[in-house]
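To keep things clear, I will list the structure first and then write my remarks on it.
The values are calculated or read from the model by the stated rules, or taken from the named source; none is laboratory data. Just so it is clear, the model here is predicted, and its values are computed rather than measured. Ideal geometry is used to build each Cβ from the backbone, glycine not excepted, and the neighbour counts take in all protein chains shown. When the accessible area is computed, the model is the full protein with side chains, heavy atoms only, and any ligands, DNA or RNA have been set aside. Shrake-Rupley method; radii C 1.70, N 1.55, O 1.52, S 1.80 Å.
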Amino acid sequence: MDVLEDDEMKLTDSVTAIKGVGEKTARLMEKLGIRNIEDLIHAYPRDYDRYEPVAAVGDISVPGIYSVDATVARRPEVKPASRIKVTAAVLQDGSGSLKAVWFNMPYLVNALKPGGRYIFRGRVVRNQYGLCMEQAVVLGHDEYEKLLHTRQPVYNLTAGLTNKAMMKAVYQALEALPVQKDYLPDWIRKKEELAEYNFALRTIHFPKDEQELLFARKRLVFDEFFLFILALRLLRGSSERKKNGFPVNALEEAERLERELPYALTGGQKETLRDIFRDMKGKSLMSRLVQGDVGSGKTIVAVLALLAVVENGYQGAMMAPTEVLAKQHYESITAIFSNHGIEKNIVLLTGSMSAREKREVYEKIASHEADIIVGTHALIQEKVVYDSLGLVITDEQHRFGVRQRKLFSEKGGEPHVLVMSATPIPRTLAIILYGDLDISVIDELPARRLPIKNCVVGVPYRKKAYQFIEGEVKKGHQAYVICPMVEESEQMDGENVIDYARKLQSIFPLSIKVEYLHGRMSGAEKEEIMEAFAENRIQVLVSTTVIEVGIDVPNATVMLVENAERFGLAQLHQLRGRVGRGSSQSYCIFVNGSEDEEKNKRLEILNKSNDGFYIASEDLKMRGPGDIFGIRQSGLMEFSIGDVFTDADILKETAEAAETVLSEDQDLSSDKYRVLRQKIELQLMRRADSALSL
Ligand SMILES: Nc1ncnc2c1ncn2[C@@H]1O[C@H](COP(=O)(O)OP(=O)(O)OP(=O)(O)O)[C@@H](O)[C@H]1O
């Protein structure tokens, strides 16, 4: 028996335990965050490739993936096009003919006999000669019959790792794993009509049909929310009633700065500040979420809170999700303080600083020479010892720092925590998702802001858009261009930052400097580019969504989003929030890169409104149950399968179920919930680990 168990695959095994997965593949998988079997089986497909019935060639008028049942009209030709060999054929059925090309597959010339009839399945693109099918898979009729109506999983990949390899690895892991115990209590499964766990897991990767897929998905979404909510509640249980070790009583400096600001705070900002000050003065520690739409002015609220803490003799830290943002916060706080004669010592701490620079900052933090520390995750590395850290401000993605909180408490007392969020979700959902936090909402934008003017356009409009950008730059303004990809990819078409920046620079006069920014650049490179953009040494910044959160360059007045159809509306709303932050009129141009009218309709929602809540709820109304794959609403909430917008109903059901469980057993200590509790603890550790390794 023992021998058998040793042979069994375990969730904690490395992916190399799978037959056919070697060190090289393991390293590639690691890039995707997949280290062990458990990670692998939870790396859910990002989409599914559907084998639909064949299309008549004559009916194909827009690009997309198609299957056609056609004959090869004449002997295919091989043309050497620069380095690659292109095999070209003409496919015919009774309704018309279609060009087909393959790259670097010259052997097809002999394999595809003139007059031979096959099923060709591939992506039809539009090039200068019209429609053309690229890299088609050639299938026999029997083979196709078997695949018809099935869905093949499409995984997130990285260069060198093919979809086929991922599929095989997942399949083998699922085959080799022993059946896992379903940790969800039976009564919940029955009440909510949820699939069995092992079945759900298998089906999400290899569904038979749409119905089964949705059934499996619901179960996994439920699980994800359920574990999350329970974890939050357990955490809250342990952090509640924590005594306030950093009472904030004196508020003179903060109130003076508030009076002297060049603008009056909005009602929402004032109320939020009152909540914060009341909390920090009170008996227990503050754990508060500040929710406010893009550009609602959360930063100044954070700055005033930091100043209050410092005035009372403590240190305050502000943790940003990226180095670029940390630097920006550091600079804006420094500027505000120096403009108002406030002499506090502010330091910046980021991962990309040299060891010597870091050491100097550590010393300043330990000796309390530093009052305010702004940085990235570097702020919570073990080497950082605070003298008396009274407040930590963080963003919603990193709030789940169980270990972090523990770390702080080991370092001399738990600080107050303030979490900033721009995710536009209704209060009922916010209460569920932020169950461990009290909530303040900044529900208005600063007065005298001109609403952003929007338009949704097709690709042919580009030329005009570039002229428009040129005009704005000539007026002294700046522009952002967003592309979905960093560089050209074989798997996906769409605009990429590197080529796009090159193209724009060649179109614009040299006086307009175009640069690019993306997440794969080093911290120092990104900082340099952002700094140059903030100082208007760069006029047009072509970027991926790395600038989605928080970047504040009020002089930028145009945002052009390429392949807007690829993004979730909430995410587009965040992107749009990068303009319209100053007093000038701003513009947002969404380019729909597909010819799909439905996608246009979705984007039109953005055209109609600048209100994040409205957009999220309208988007929800337009989606059917089959639309949940492909586009995720928002990258802001770190769920791997659930979507807080689309799955709002499941989220509510989950919250009720969690409530019932906790009313039976407050800390899940009974035998009945032992497996569930273990699963939650594991989840907490994983989240804490991934947050720390960022
Ligand atoms: N009450 C106000 N009146 C006028 N301008 C304001 C007010 N509050 C903040 N601002 C300015 O509005 C701009 C946006 O503020 P801020 O960067 O704090 O937005 P945010 O809420 O953090 O948005 P995001 O979620 O996009 O990061 C800043 O340039 C800030 O100086």
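Return the residues of the stretch 62-76 that are outside any strand (DSSP E or B), in contact (Cβ under 8 Å) with a residue 40 or more places away in the chain and not charged (D, E, K, R); say none if nothing qualifies.
Val62, Pro63, Ala73
In the list Lys85, Lys99, which residue meets the criterion of being open to solvent by 40 Å² or more (accessible area, probe 1.4 Å), in a strand (DSSP E or B), modelled with pLDDT of 90 or more and touching a strand residue (DSSP E or B) at 6+ places or on another chain (Cβ under 8 Å)?
One residue alone meets the criteria, Lys99.
Return the residues of the stretch 423-451 that are open to solvent by 30 Å² or more (accessible area, probe 1.4 Å) and either aromatic (Phe, Trp, Tyr) or within 16 Å of the ligand (Cβ to nearest atom) (or both); say none if nothing qualifies.
Val441, Asp443, Glu444, Leu445, Pro446, Ala447, Arg448, Arg449, Leu450, Pro451
Going by the conditions given, is Gly519 within 22 Å of Asp395 (Cα to Cα), small (Gly, Ala, Ser), out of contact with any strand residue (DSSP E or B) (no Cβ under 7 Å at 6 or more places or on another chain) and free of Cβ contacts under 8 Å to residues at least 60 places away in the same chain?
So Gly519 passes the test.
Where residues in the stretch 286-320 are assigned to a helix (DSSP H, G or I) and of a type in the set (D, E, K, R), which of them is nearest to the ligand (Cβ to nearest atom)?
Within the stretch 286-320, the match that is nearest to the ligand (Cβ to nearest atom) is Lys298.
Checking Leu32 against (1) touching a residue at least 40 places away in the same chain (Cβ under 8 Å); (2) exposed (fewer than 15 other Cβ atoms within 10 Å of the Cβ), only one condition comes out false. Which one?
(2)
Please tell me if Glu323 is open to solvent by 20 Å² or more (accessible area, probe 1.4 Å), closer than 21 Å to Leu379 by Cα and more than 11 Å from the ligand (Cβ to nearest atom).
So Glu323 passes the test.
Please enumerate the residues belonging to the stretch 540-552 that are near the ligand (Cβ under 9 Å from one of its atoms) and of a type in the set (Val, Ile, Thr).
Answer for the stretch 540-552, where residues must be near the ligand (Cβ under 9 Å from one of its atoms) and of a type in the set (Val, Ile, Thr): Val549, Ile551.
Return the residues of the stretch 429-449 that are assigned to a loop (DSSP other than H, G, I, E, B) and farther than 16 Å from Ile229 by Cα; say none if nothing qualifies.
Asp443, Glu444, Leu445, Pro446, Ala447, Arg448, Arg449
With the requirement that a residue be within 11 Å of the ligand (Cβ to nearest atom), of a type outside the set (Val, Ile, Thr) and not in a helix (DSSP H, G or I), what does the stretch 263-285 give you?
Those that are within 11 Å of the ligand (Cβ to nearest atom), of a type outside the set (Val, Ile, Thr) and not in a helix (DSSP H, G or I): Tyr263, Ala264, Leu265.
What are the pairs with Cβ atoms under 8 angstrom where one residue, in the stretch 133-155, is closer than 13 Å to Pro53 by Cα and the other, located anywhere, is at pLDDT 85 or above and part of a helix (DSSP H, G or I)? Sequence gap at least six, or different chains.
Arg151/Leu213
What are the residues in the stretch 43-55 that are more than 10 Å from Val170 (Cβ to Cβ) and either part of a loop (DSSP other than H, G, I, E, B) or open to solvent by 60 Å² or more (accessible area, probe 1.4 Å) (or both), if any?
Arg46, Arg50, Tyr51, Glu52, Pro53, Val54
Scan the stretch 655-670 and tell me whether some residue there is modelled with pLDDT under 65, open to solvent by less than 30 Å² (accessible area, probe 1.4 Å) and closer than 17 Å to Glu224 by Cβ.
no
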